[in-house]
Amino acid sequence: MKAVVSEKGQVTIPKQLRQRLGIEPGEVLDFDEVEGRLVARKVRRRDPVDDVYGILSTDRGTDDLIDELRGPADLP
C-alpha cells in the first residue's frame, strides 16, 4: 500500500490498514525510526475510569455509599 506525503508532512493511512489495525479517528500514534524505516505504534489509551476519577464530590465516606448501594454489611 502506498500513500503520498502532503506539503505539511501529512499522510493518509489506507482504510484497509486502519481497519485491520483498529486505528480510529483521534487515535494517537507514536513515530520512530528503526534501521532506516518509519515505524508507527498506537499509543496505549488511558483507562476510561482515569478520565472520570475524582470528578464526583460527596461529604459521605465510601463505606456509607457502599452501604446505601448494597445494604449494611452483616458482621459476625
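The values are calculated or read from the model by the stated rules, or taken from the named source; none is laboratory data. Quick caveat: nothing in here was measured; it's all calculated off a predicted structure. With ideal geometry, Cβ positions are generated from the backbone for all residues, glycine too; neighbour counts draw on all protein chains shown.
Would you mind finding the one in Gly22, Gly9, Gly26, Gly54 that is modelled with pLDDT under 85 and loosely packed, with under 10 Cβ neighbours inside 10 Å?
Working: Gly22 fails: modelled with pLDDT under 85; Gly9 fails: modelled with pLDDT under 85; Gly26 fails: modelled with pLDDT under 85.
Among Gly22, Gly9, Gly26, Gly54, only Gly54 is modelled with pLDDT under 85 and loosely packed, with under 10 Cβ neighbours inside 10 Å.
Evaluation of Arg60 against the conditions (1) in a loop (DSSP other than H, G, I, E, B); (2) charged (D, E, K, R); (3) within 19 Å of the chain's Cα centre (by Cα) shows that the sole unmet condition is (3). When Met1 is tested against (1) among the hydrophobic types (A, V, I, L, M, F, W, C); (2) in contact (Cβ under 8 Å) with a residue 12 or more places away in the chain; (3) in a helix (DSSP H, G or I), just one condition goes unmet, and that condition is (3).
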